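Worksheet: the structure to be examined is printed underneath.
The values are calculated or read from the model by the stated rules, or taken from the named source; none is laboratory data. Source: prediction; values computed, not measured. In this analysis, Cβ positions are derived from the backbone assuming ideal geometry, glycine residues included, and neighbour counts consider all displayed protein chains.
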Amino acid sequence: MLVNILNALDHPDLLAPFFQGNTWNAWRVFLAALFALPMTDAERAIYQRHTGRTDAPTIQVKEAALIVGRRGGKSRVLALVAVYLATFLDYTPFLAPGEVATIAVIAADRRQARVIFRFVQGMLRAVPPLADLIADETGEAITLRNRVTIEIHTASFRVTRGYNLAAVLTDETAFWRDENSTNPDSEIFLALRPGLATIPTSMLLNASSPYRKAGVLYSTFARHYGREGARVLVWRGTTLEMNPGLDPAIVEEAYDDDPAAAAAEYGAEFRDDIASYVPREVVEACIVRGRHELLPATGVRYRAFVDPSGGTSDSMTLAISHRQREGDFGVLDAVREIRPPFSPEAVVGEFCTLLASYHVTEVTGDRYAGEWPRERFREHGITYRLSEQVKSDIYRDALPLLNSGKVELLDVPRLASQFCGLERHTSRGGRDSIDHGPGAHDDMANAVAGSLLLVRQHDRIRISEEARARFAVQARSRVFF
């Protein structure tokens, strides 16, 4: 390696035009640590403040976690690292004939990944020696003449298998959601590591502003931050520490509006006021493996809950459940999810056909869209009743059923993911609310929890009525006696 990353950053004909001014000083120290470059005493003090460690790496770091507040410069630095690794290092000794080394940029979706990708494109195109390396370019990949490809990927444990990875740059991992998996970030990182094993200089950077105390980012922080000689370099910095050029008034206003959110967004602090709704193992214990739907049975009373939607953004979902007397279980029989875009009227007709097959003449749902759901279901002979509880209260009351294992869920990965993705928020007034996390959905979980609660509630009402009837009979018997 003839040119180290700080040399490239300082050279006016290379990357210096993209990182001018003193606002990048803290990032320069991070890069020095990442590539085991010499530090001054002042730089070492910055390193110690952001890592909680006194020992600086003596060899290039293989894996690092960047816990930095929003607008702190993470995306530009990740792009810088990608450009440097792609153009200044030689991977050909580790490649088979015809093979390329891949630098993967991974984010929750392609739109977010393109933020870093565009920074990469801009640097490569603007520097003539680097622009000459470009052999091919698409909206999602840049192929270089030195057998290196820079690609963007979405957060999925499937897409990166089979690659010979020179580097993986992951963005905003604290907010990754994949509704086909109950624990996506750990599965993705598990799938990535074998691809990094072939190239000795390969690097994995996990960058994000923090969120709740869960997931790979938090577990990495808890295990490695401040640990001398730790395998993973963990760097934590507030927005203003990493980007002192940002107007402090923006941060101050955020703290005034919502201190807990601002501490995470700008202060790089994991949130204490957000907890997981239910552990993954609890949900999995309730799933009957291999059961995807139960056919209607005679002599069984079914209850149904619907989560309506206008057909443009959220899914419309329906769940049907019954009570199994042996074992006192609430059993989920069927669940439907129609993802947008769709015709709400057509979906209501489809749902009503399913309800009729279970001999259900009444469905419960929330107050979405006023009178519209009641009118549409009424046209098909189904009574639409308004739920007496809001969604958060439904989740609250359904939690004991899950924790006690008194429900049987269908083997639907998306349903399990939605339950596991729910979060419990504690407000400043001490009141809890339960909802899905940023970028996630809970339409199916809402309908399922609602239907299982209806089964329990109606059964308690029936038992109460039977008890009153027995008491009346006993009272009359005592009178006549």
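Which residues, taken from region 392-443, are basic (Lys, Arg) and under 19 Å from residue 275 (Cα atoms)? Passing the criteria: 396, 424, 428, 431. Inclusion of residue 218 among residues that are in contact (Cβ under 8 Å) with a residue 60 or more places away in the chain and within 30 Å of residue 44 (Cβ to Cβ) is not warranted.
Of the listed requirements (1) over 17 Å from residue 317 (Cα atoms); (2) free of Cβ contacts under 8 Å to residues at least 60 places away in the same chain; (3) within 28 Å of the chain's Cα centre (by Cα), residue 339 misses just one: (1). Going through (1) in a helix (DSSP H, G or I); (2) of a type outside the set (Lys, Arg); (3) in contact with a helix residue (DSSP H, G or I) (Cβ under 7 Å, 6 or more places away or on another chain); (4) under 16 Å from residue 453 (Cβ atoms) one by one, residue 420 falls short only on (4). The residue that is farthest from the chain's Cα centre (by Cα), counting only those in region 356-366 that are crowded, with 16+ Cβ neighbours inside 10 Å and part of a strand (DSSP E or B), is 363. Set side by side, the residues 51, 58, 23 differ, and just one is hydroxyl-bearing (Ser, Thr, Tyr) and surrounded by 15 or more Cβ atoms within 10 Å (Cβ to Cβ), which is 51.
Residue by residue, here is whether (1) among the aromatic types (Phe, Trp, Tyr); (2) under 25 Å from residue 281 (Cβ atoms); (3) more than 11 Å from the chain's Cα centre (by Cα) holds:
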position: 172; (1), (2), (3): no, no, no
position: 190; (1), (2), (3): no, yes, yes
position: 198; (1), (2), (3): no, no, yes
position: 201; (1), (2), (3): no, no, yes
position: 204; (1), (2), (3): no, no, yes
position: 207; (1), (2), (3): no, no, yes
position: 224; (1), (2), (3): no, yes, yes
position: 235; (1), (2), (3): yes, no, yes
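Of all residues in region 223-231, at least one satisfies being modelled with pLDDT of 90 or more, assigned to a helix (DSSP H, G or I) and either surrounded by 14 or more Cβ atoms within 10 Å (Cβ to Cβ) or not assigned by TED's automatic domain parsing to the domain that holds residue 314 (or both). Taking first residues from region 41-62 that are farther than 15 Å from residue 236 by Cβ and partners that are surrounded by 15 or more Cβ atoms within 10 Å (Cβ to Cβ) and of a type in the set (Lys, Arg), the Cβ contacts under 9 Å between residues at least 6 apart in sequence or on separate chains come to 43/28; 54/44; 56/44. Looking at residue 168, is it at pLDDT 80 or above, of a type in the set (A, V, I, L, M) and within 29 Å of residue 72 (Cα to Cα)? Spelling it out, residue 168 is indeed at pLDDT 80 or above, of a type in the set (A, V, I, L, M) and within 29 Å of residue 72 (Cα to Cα). Scanning region 251-268 for residues that are at pLDDT 90 or above and in contact with a strand residue (DSSP E or B) (Cβ under 9 Å, 6 or more places away or on another chain) yields 263, 264, 268. Here residue 287 meets each of (1) surrounded by fewer than 17 Cβ atoms within 10 Å (Cβ to Cβ); (2) of a type outside the set (Gly, Ala, Ser); (3) assigned by TED's automatic domain parsing to the domain that holds residue 324 with one exception, condition (1).
Yes/no per residue for (1) assigned to a loop (DSSP other than H, G, I, E, B); (2) of a type in the set (Phe, Trp, Tyr); (3) within 24 Å of residue 423 (Cβ to Cβ):
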{"position": "297", "(1), (2), (3)": "yes, no, no"}
{"position": "313", "(1), (2), (3)": "yes, no, yes"}
{"position": "354", "(1), (2), (3)": "no, no, no"}
{"position": "368", "(1), (2), (3)": "yes, yes, yes"}
{"position": "373", "(1), (2), (3)": "no, no, no"}
{"position": "385", "(1), (2), (3)": "no, no, no"}
{"position": "393", "(1), (2), (3)": "no, no, yes"}
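Confirm whether residue 236 is basic (Lys, Arg) and crowded, with 20+ Cβ neighbours inside 10 Å. Yes.
Looking at region 325-334, is at least one residue assigned by TED's automatic domain parsing to the domain that holds residue 285, basic (Lys, Arg) and farther than 23 Å from residue 435 by Cβ? Yes; the residues of region 325-334 include at least one that is assigned by TED's automatic domain parsing to the domain that holds residue 285, basic (Lys, Arg) and farther than 23 Å from residue 435 by Cβ.
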